[in-house]
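Working notes, structure below.
The values are calculated or read from the model by the stated rules, or taken from the named source; none is laboratory data. This structure is a prediction, so every number in the text was calculated from the model and none was measured. All Cβ positions, glycine included, derive from the backbone under ideal geometry; neighbour counts span all protein chains shown.
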Amino acid sequence: MTPAVLGFSVLALLASCGDGTPAPLPPEGIICNGAPGLRLLARTSFGAQTFPEQTLQVAISGNCTFWARQVGSASRVHTGVLTAQEADDISRRLDYGAWSKVAGGWPGGGVFDAPAYILWNGTDWIRCDPFCEKRPSTAATVRKAVSGLRELTVTLWEKGQPPDGPVWIHLRDYRNTYNRVTSAEVPIVDWPLARDPLTIAEPHEAQEGGIPPVPAVLIDDPVELKQLHKWMDEPLWKRVGVVFIKRPGIELPPLTYEFELQMRDALPFEDATGHLPWPKNTPMR
């Protein structure tokens, strides 16, 4: 077992047999059950309306593949494979087998500028409004799951590697507004893709309403992906979260750009527009 997940094994011993062996999980508590679909999904409400959507925290499939993304940063998605034992340790740490018993919405602490956490076990949804895990009236399973997910996200992200697959991009047009970078150290680069950026760019006014947003575009061309992956792995993108773009051959004043480019690794369980599963109804508890 890797050191990164060892902490979960130690915690799992709290629910063990007398000889220190963890007690067997009930069927509903087994994450790696061999099914190809998702068995665990944890996401936040922040970023649900952005393009591309940036809400993934952790996902684990029935065949033990995981995906993790550090919330609140421009980090890439990381993916890898768990052992069955590692998945069982995670199940115990998050009280995963009891999620269906506490499904529904749990009220938070009245804070509106923090994310809600949305959990799914493939059947039932839990919604934890901001800081619901701090309320004594919230079910112990919910408090345990939400608190444990923060550590789990970091653990799995450090264990995994970025994928080589398709990337969602979203281009925002800033030609008609203030569009200067703050420092000459921030590069303004030429648009690298074959398609005309004007055909897929969203006017910046769409952020203010009145103009329909332009969906993200999925890029799967190997040559174009090579450049996008290179940018996504650079420290500057991870810090700033966007790439500042101009069209090749366009002369602009110093420090001026035309577009902002956002990127995110595509996920195999999202829909055709790049959105993750979302509960249609989570009645409040």
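Residues that are crowded, with 22+ Cβ neighbours inside 10 Å: which strands (runs of 3 or more DSSP E) entirely in region 82-172 hold 3 or more of them?
By residue number, 117-120, 125-128.
Take the residues of region 35-51 that are at pLDDT below 85 and among the small types (Gly, Ala, Ser): which is farthest from Arg127 (Cα to Cα)?
Ranking the candidates gives Gly47 first.
Counting just the residues of region 19-34 that are loosely packed, with under 12 Cβ neighbours inside 10 Å, out of contact with any helix residue (DSSP H, G or I) (no Cβ under 7 Å at 6 or more places or on another chain) and not in a helix (DSSP H, G or I), which one comes out modelled with the lowest pLDDT?
Among those that are loosely packed, with under 12 Cβ neighbours inside 10 Å, out of contact with any helix residue (DSSP H, G or I) (no Cβ under 7 Å at 6 or more places or on another chain) and not in a helix (DSSP H, G or I), it is Asp19.
Identify the residue in region 244-266 that is buried (at least 20 other Cβ atoms within 10 Å of the Cβ) and aliphatic (A, V, I, L, M) and, among all such residues, is farthest from Ser61 (Cα to Cα).
Among residues in region 244-266 that are buried (at least 20 other Cβ atoms within 10 Å of the Cβ) and aliphatic (A, V, I, L, M), the one farthest from Ser61 (Cα to Cα) is Ile245.
Criterion first (within 20 Å of the chain's Cα centre (by Cα), of a type in the set (Gly, Ala, Ser), modelled with pLDDT under 95 and not in a strand (DSSP E or B)) does Ala74 satisfy it?
Details: within 20 Å of the chain's Cα centre (by Cα): yes; of a type in the set (Gly, Ala, Ser): yes; modelled with pLDDT under 95: yes; not in a strand (DSSP E or B): yes.
Judged against the criteria, Ala74 is a match.
If I ask for residues that are out of contact with any Pro (no Cβ under 7 Å at 6 or more places or on another chain), assigned to a loop (DSSP other than H, G, I, E, B) and buried (at least 16 other Cβ atoms within 10 Å of the Cβ), which ones from region 187-200 would you list?
Residues satisfying the conditions are Pro192, Leu193, Ile200.
One residue is enough: does region 207-214 have a residue meeting the conditions surrounded by 13 or more Cβ atoms within 10 Å (Cβ to Cβ), polar (S, T, N, Q) and within 25 Å of the chain's Cα centre (by Cα)?
No, that holds for no residue.
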